Each structure stands twice: as structure tokens, then as C-alpha cells.
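In what follows, a structure is listed as C-alpha cells, so that the remarks can point back to it.
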């Protein structure tokens, strides 16, 4: 048994060792395959460098070499390519051979270190080869490239000549300059052909660049010069003349226009126009059209300013009349208040704050009046423009309206005091009458007993009415206190009047119920006893208790008696 266990353990151990060995072999094989692929890739990259078509492009250069400069470049490029082939590529080949050796030795650390170094070297050499090829192609493709550019420029040039010749009169003072520039462009085309014939592409590049600038400038010149001359020599001078004519006429009509600075601005415009014309003569039209259009816009805006001044003059006259009327009315109202201020103080208890508010309104009106007089003086002396005076008048109107609102609030407050006094006197008479009705009613029905609570309410109501009379007799009247007195008296009198009506009604109903129930006394002792209790409560002034006792007693023999009694009571009252 023990031998079997030992044998089994040895079997597992051997299997484990075999598995470990297999796994290690697979890992090593995988790493070797990876490095092998990297080495093969580096070899391919090296061959791609040597396959760059530099020699083919150099042979094209040899076919077009017609000057010393190009021959020198050809030799330089050939030398650089030979250097790449013989030195750089050879160095990479040696490095790759070293990688093969390291691969055979299974030197993974050495492979890991050297592969990136070779990749960097290959990248450097590849970049140099591509740069060299680009420089060579710059020459080999130059003829086609520059021919295409010049073909487009010639088409544009012919179009410019046609447009210029068809409308030479529009170019006026610039005509000679344009003709000279067109001749220069034509000479440049001839120079281009000459240097292209000699394959001198350095000079060709300079000529093409110069032609590009000259033709682009001429496109702008041919396009904009007619408009520049039209604006600067005809339209703007005409507008300036119209502006000055209108300006002088308005000055004669006493308009104040200094704020427009017209003389200075027109002098500046004339100077700018002269500068633009000077630049245009040498075919420099940059921003000229924009500046001229800005001048046109400014001159047009002056006519709007003139129209605004004319309209402002008419509006100002109307607004001054309206403002004067409104200011006089407000000043008149304030004057009336100050004339009655002593009476108002005597009649009503005006607070110091209310008097201060009136003084503030009055001072504001004085300041507005003073500023308005200054405005009228400026208008009379032609010191300010009408548009400016209108704006100032608008501000004065805002200030006046604000003072008017404050004044209306104060008038409403004072008027409210007077109305409260009148209303208090009217309500006093109403409350007296209502109190009298209550006392007459309580006397008209001879109640066997009146509760003390009723006399307390009567005293309170009478005292409240006396307080109203007392406040009304004061000079000045404290309106707030008066209103409180009126409200208090109204509540107390109404309460007394309601109490009187309810007590009399309850007493009458209870008496009616007792009298009505007497017919049933002999029927039941319980009815007789209930009515006796009701009489006792009635004589003590407990009318509600008497009514409830009588009704409940009569309900024993005649249900619904309370509603019939109410109906009888209502009919009697009506």
C-alpha cells in the first residue's frame, strides 16, 4: 500500500516537471518568433530606404541641367544619396547582423536593448532620404508647377487688359501708372520664359512670387480705382458742397450747430481724399474704398442731423408751451396750499414730516423753474442746439412729473383728512339716531326687569359718541384719533342696538308663549308647573330662559308652537 502511494507521487512529480518544461519551451519559442519578426521588419524597412527613387529623379535633373547652380545642387544631392547608401545603410546592415547573432545566442536582453536603437537609426535615415527626394522633386516638378501658375496668371492678366482698355476713361489720373504696371507684368512674363529656358528655378520662383503679388494688386486696382475716383472726385465733393450749403443756410436761420464740428471734419475729409488720390496714383488702394464709403456715411448722417435739428426746433416750441402750462399749474397749486397752510394746520394735526414733504416739493419746483429759465435763456441766445435743448427739457419734464406725483399724494392726504372729518360728522348723527332708536325701543316695551349688562353697554355707547364730539371740537383735529373714535363708537352702538332688538324680541316671544300656554294649564299639571317656571324667569329678566321653558312646556300638548309664535310676532312687527 505504501509502495503504491510513493509510486503515485513520483508519477505526479514527473508529469509536473514535463508540463513545466513544455511551458518554458513554448514561452521561449514565442519570444524567439517575436524577435525574429522584429528583425525581419527592420530588414524590410532598410530595403525600403534604398528603394526611394532618388536616382531616377537625379537622372531627370541631369537632363535639364543648363546652369552651374543646378549642376552644383545635382552634385550635392548625389553625394548625399551616396552617403546614405554607402555609410548609413551599411551601418544599419551591420547592426542587423549583430541582432542575428544575439538571436542565435538567445540573448534576449541584448535584443531588447538593440532593436529600438536600430529603429531610431532607420527613422533618421528614412527622414533624410525623403527630405532629399523632396528637394530634388522641387526641381523636377518645378516646370509643370510654375507653368500651371503662370498659365492662370496670364489668363487673369489678359482679362485685366481687356477691362482696362474697354474703360480707360474711368481710370483718369491713374491711367499711365496702370499702363506702366501692365508693361512691367508683361516683362516679368518674358523673364519667366527666359529663366525657364535655362532651368534656373531659383530665379523662376522669385519671378512667380513677384507676378503673383503684382497681378493680385492689379486685380484690386482695376476693380476699385473707378469707384475710388468716382467717390473722391465727384460724389464726395458734391455731398460736401450740399452739406456746406445746408449748414450755412441753417446758421443764417439761427441754428446752433457747433457740436457737429462740420468745418473741422470736412477739412479732414479733404485731406484724406488728397492722400487717397496720391496713394492711388502709385496703385496703392489698400483700404481706400472703405475710407471713402465711411466719409459718404458720415456726410449722409449730417443731413439726418440737420433734419433732426429742424424737427427739434418745432417740437421744442410745442414742448416749451406745454411745459410752461404744466409748471404754472403745479406752482399755482403749491402756492394755494402754502396760502392755506395756516388754516390747514389749525384744522388738522399735520405732522412735521408732512410739512417737510411740502417744503421739499416746493424747493424742487423752484429748482425746476430756475433750470427752465436757464433753458429759455440759452434758446433765446442761441447757445445750445435745439436737439440738446429738447433732451434737457425732457429731463425737466421727468423731474416735474415726479414732483407732481408727490404733490398729488399730499393733496390726496389733505383731502382725505377733510373727507374723514365730514364723514365723522355724518356718522356721528347716524350713531346718535341709532342710539336714540335703541333707547326708545327699550322704553316702549315695559319690561319687568332690564339686566345690568344692558346699562353697561348703553353707557359705553353713549361715552363713545361723546368722544367723537370731543375730538371734533378740537382744533386742530387729529384725524387718526378721530377715525379710531368713530370706529369704536360705531361698534358699540351697533352692539347696543342689536342687544336691544334681541332682548325685546325674546321678551315679547316669551310673554306671548306664556299667554298662549295658559289655555293648557288645566290639561296637565306638568304644563301648569312649566308655565309657572317660565313666569318666574320672565319676571327676573331671564327672557331667553323663560321663552325656552314656555316653548318646551307647550310642545308637550302642541308641537311646533315656536314657529307659529315667530310668524305671529313677524306679522305684528310688520
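The values are calculated or read from the model by the stated rules, or taken from the named source; none is laboratory data. The shown structure was predicted, so the numbers you read here are calculated from the model rather than taken from an experiment. Virtual Cβ from ideal backbone geometry, glycine too; neighbours counted across all protein chains shown.
Below is a table of values for the structure above.
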| read-out | value |
| --- | --- |
| Residue match in segment 404-416 (condition: under 30 Å from residue 311 (Cα atoms) and either at pLDDT 80 or above or surrounded by 16 or more Cβ atoms within 10 Å (Cβ to Cβ) (or both)) | yes |
| Scope segment 249-303; condition farther than 22 Å from residue 234 by Cβ, assigned to a helix (DSSP H, G or I) and more than 42 Å from the chain's Cα centre (by Cα); matching residues | 249, 251, 252 |
| Residue 294 being in contact (Cβ under 8 Å) with a residue 60 or more places away in the chain and at negative phi | no |
| Count - residues of segment 524-545 that are touching a residue at least 40 places away in the same chain (Cβ under 8 Å), over 14 Å from residue 502 (Cα atoms) and surrounded by 17 or more Cβ atoms within 10 Å (Cβ to Cβ) | 1 |
| Verdict on residue 240 being assigned to a helix (DSSP H, G or I), modelled with pLDDT under 85 and surrounded by 17 or more Cβ atoms within 10 Å (Cβ to Cβ) | no |
| Among the candidates 480, 437, 459, 505, residue that is in the same structural domain as residue 558 (by TED's automatic domain parsing), surrounded by 14 or more Cβ atoms within 10 Å (Cβ to Cβ) and farther than 22 Å from residue 557 by Cα | 505 |
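Every residue, every condition in (1) outside the structural domain of residue 483 (by TED's automatic domain parsing); (2) at pLDDT below 70; (3) touching a helix residue (DSSP H, G or I) at 6+ places or on another chain (Cβ under 8 Å); (4) exposed (fewer than 11 other Cβ atoms within 10 Å of the Cβ), yes or no:
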{"residue": "328", "(1), (2), (3), (4)": "yes, no, no, no"}
{"residue": "332", "(1), (2), (3), (4)": "yes, no, no, yes"}
{"residue": "339", "(1), (2), (3), (4)": "yes, yes, no, yes"}
{"residue": "343", "(1), (2), (3), (4)": "yes, yes, no, yes"}
{"residue": "350", "(1), (2), (3), (4)": "yes, yes, yes, no"}
{"residue": "361", "(1), (2), (3), (4)": "yes, no, yes, no"}
{"residue": "370", "(1), (2), (3), (4)": "yes, no, no, yes"}
